[in-house]
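**Q** Can you read through this structure? Questions will come right after.
Please treat every number below as a calculation from the coordinates, not as lab data. These numbers come from a predicted model, not from an experiment. Here the Cβ positions follow ideal geometry from the backbone for every residue, glycine too, while neighbour counts run over all protein chains shown.
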């Protein structure tokens, strides 16, 4: 069984959570183990109002400024806590940047849900004159029990987050992932083609648990086609989503609304909201 993975951009994170939701729902008939770890990043209380259009004070410690980005403050030790909900499923997500180096940084995400083992993703990002790219979308075991899965990007075009995000701006990213799983009696291999296009709408006031922010509204459309091949089956699937993201300057993502469907089936929705942050 192959479980897809996604980069830790907002739409990628939402996609990963969507898949996790479906797997957890499928496993609901069994008994899940109690959560074996507790990992969260505490914030500093209610957040102040921040302007998405100001110059701010965010900086990267790589020494050359390549990681300074208007949508994500790249600072070693920065962390964000979120609440996620989709239908009857809810969980908390802790994002953090453990380290920053010349031309890149490490990002980690921990998913926490009552009654289920924590799931952790860790991966590397590349910085190029302010543009940020997840160079190896993060591997994670979403299966239950966990499968042994490897991933290899065979092509990638475009950044995950652009160096500029002004009203009217747009950007796109495409990449292909080769996925190999040795779980179960029959090894499987899959190919995943991801295409995303985004447009910057403008600054809006957004209120979440962490505070009220003047945040840049960005819409993204994502299409992910997956073909899983094994000795016994070929299982194509198509995931599509329409995502609305709001970013506050020097803080990062504060809210995501996602409308998604799998294989052109029922449209579902999810919400991701910032509860605390520190940097």
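**Q** Multiply the residue gap between residue 99 and residue 83 by 0.36 nm, knock off their C-alpha separation, and tell me the result in nm, one decimal place.
**A** Result: 3.4 nm gained on full extension.
**Q** Run the simple label-point estimate for residue 227 and residue 269 please: 7 Å along Cα→C-beta, distance reported in nm.
**A** 3.5 nm
**Q** Rounded to the nearest 0.05, what FRET efficiency is calculated for residue 120 and residue 242 with R0 set to 35 Å and r the Cβ-Cβ distance?
**A** E(calc), rounded to 0.05, equals 0.80.
**Q** Quote to one decimal, in nm, the extra length available between residue 180 and residue 219 on full extension: 0.36 nm per residue of separation minus the C-alpha distance between them.
**A** Taking residue 180 through residue 219 to full extension adds about 10.9 nm, to one decimal.
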